[in-house]
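Structure first, commentary second.
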Amino acid sequence: DTKTAAPNVVMVTGGSGLVGQAIKEYVTENDNENTLSGETWIFLSSKDGDLRDRKATEAVFEKFKPTHVIHLAAKVGGLFANMAEKVEFYRENILMNDNIMECSRIYKVQKLVGMLSTCIFPDKTTYPIDETMIHNGPPHHSNEGYAYAKRMIDTMNRAYNEEYNCNFTSIIPTNIYGKSDNFSIETGHVIPGLIHKCYKAKQDGTPFCIWGSGTPLRQFVYSRDLAELTVWVTREYNEADPIILSVDEDDEVTIKDVALAVAKAHNFEGKIEFDTSKSDGQYKKTACNMKLRKYRPDYKFTSMPDGIQKSVDWFVANYETCRK
Ligand code: NDP
């Protein structure tokens, strides 16, 4: 009887981060227009409980009694941190993921969506990469700890499905950017780093200097688009196997395109330089979104210049308080 069916409680771990805040904005904007009737959304930060700790995780499940869980919380970091702290990247992520999966089983969560990343794929691979290739070889040695912990989400999703009939799945975004990002030039990802750098160059009247040649190709997904697709996965995608949530292969852009869009969004009129003494990283890591396109053939992603303009406007408006 649908009238007496229990209401849905969707609990988002890592709710204070880049993706969590985008989901919050998506479901609450325009008077909760994207919230289904009877649906309650809970956004957790580490202050609500340290998910590395089993007792703290149980307390969160006891308190909120979620019917659905979107598990975004993770120990994340740049190349340097990943290389220096492989043990912590492995253990902290494994502990969080194990606590969330096991509690989701025990508290009879109807759907759990975990979060993978394209950077956990085999180092030596063919392109484009797709959902079937995650375990086909070792990840890059620099982020082994993080990558193996993330890969286990996929392995255990299938195990929980087979053994306990749990509806657990995962999503694989490409590079994410948007509001509420980490805009640190040292530890942030490429787009927020460039946004901050260009802001400083404009203020100081110095050149906007981009590390590397600007030629590498990347697929970027605006956090709000990822939010919308993640909510769709939570409600409607019912495979245990993961799904890549990314713009099309044709929408791959160069770092130079991104830098120019950042400069334009800042109205930066100074000099733009490329420091080719700095490493470029991988030339490309193209991901295939055919599975997503099978389900959502008409989904229209935010264009890169639009997404960057929104991110720059947010950064400038929140400069004093944002992560940087
Ligand atoms: P952020 O770094 O912006 O946010 C991380 C979130 O995790 C925060 O809400 C943080 O809480 C929470 N958290 C961290 N440690 C703990 C803990 N011990 N207990 C409870 N909560 C904790 O991450 P993103 O939004 O960028 O990433 C979300 C997910 O997406 C992650 O799983 C990440 O691996 C994945 N991903 C991200 C990509 C990207 O480009 N950003 C690309 C591909 C995948 P608090 O704010 O309190 O510290």
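Any read-out appearing in this document is the output of simple, stated calculations on the displayed coordinates, not a laboratory observation. Worth saying up front: this structure is predicted, and the values here are computed from it rather than measured. Using ideal geometry, Cβ is built from the backbone for each residue, glycine included, and neighbour counts are taken over all protein chains shown.
Odds and ends about this structure:
- Within the chain, helix-based [θ] at 222 nm, where runs of 4 or more DSSP H residues each add -39,500 (n - 2.57), nearest 500: -13000 deg cm²/dmol
- Considering only A74, Y127, H141, and ranking their Cα positions along the charge dipole of the stretch 72-148 that arises from unit charges at the beta-carbon of Lys, Arg, Asp and Glu, the one farthest toward the positive end is A74.
- Qualifying GluC sites (Glu not before Pro) for the stretch 41-114 [loop in DSSP, other Cβ within 10 Å: at most 16]: E85
- Free of any chymotrypsin sites (Phe, Trp or Tyr not before Pro) that DSSP assigns to a loop and that have at most 12 other C-beta atoms within 10 Å, the longest stretch within the chain is 1-282.
- Every Cα-Cα pair of the stretch 232-324 was included, and the share exceeding 15 Å stands at 73 percent.
- Net length gained if the chain between N267 and R105 were fully extended (0.36 nm per residue, minus Cα distance): 53.2 nm
- Geometric descriptor of the stretch 9-54, per residue, is 70 Å³ (volume of the convex hull of the Cα atoms).
- Reciprocal of mean inverse Cα separation for the chain (Kirkwood radius, Å): 20.5 Å
- Sorted by Cβ density within 10 Å, fewest first, the residues K124, K284, K324: K124, K284, K324
- Distant-in-sequence amide contacts of A287, defined by a placed amide H-H separation under 5 Å and a gap of 5 or more residues or a different chain, comprise I129.
- Counted over all Cα-Cα pairs of the stretch 66-184, pairs farther apart than 24 Å make up 29 percent.
- √(5λ) per eigenvalue of the Cα gyration tensor, the stretch 1-117, largest first, Å: 27, 18, 11
- Here R296, R235 are placed in order of increasing Cβ neighbour count within 10 Å, fewest first, which gives R235, R296.
- Loop-located GluC sites (Glu not before Pro) across the stretch 215-324 with a Cβ neighbour count of 10 or fewer within 10 Å are E269, E320, with loop assigned by DSSP.
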